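Before any comments, here is the structure.
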Amino acid sequence: MTHIKVIIPAYNEADSIAQVIHEIPTSVSEIIVVNNNSSDDTASTAEKASASVFIKTVVGHLLQLTKTILIFIKPLYTNA
């Protein structure tokens, strides 16, 4: 069985993150929001919309996203 995970980098997206999460297809097994030092309610809004939330303090969305992806794929290769 294939598990599809969506990773969403977010910074101060409380006004839109729930809508983004709800528009993701139901075939996705997990939605992960990586909250990057938001000063609004991004994290709590994402959690209320059923996403897993990780708090990161890495500057820049690309670096943040890359580090988060590595967190999730590393176990796939180290346990093989």
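I need the peptides 41-54, 3-16 ranked by packing, meaning the mean over residues of other C-beta atoms within 10 angstrom, with the highest value on top.
On the way: 41-54: 17.6, 3-16: 15.6.
Peptide ranking by packing, descending: 41-54, 3-16.
Listed by chain and number, the lysines placed with their C-alpha closer than 18 angstrom to that of Lys67 are Lys5, Lys56; residues fewer than eight positions away on the same chain are left out.
Computed from the coordinates by the stated procedures, all read-outs in this text should not be read as laboratory data. Because the structure is a prediction, the values reported are computed rather than measured. Cβ sites come from the backbone with ideal geometry, for glycine too, and all protein chains shown count toward neighbours.
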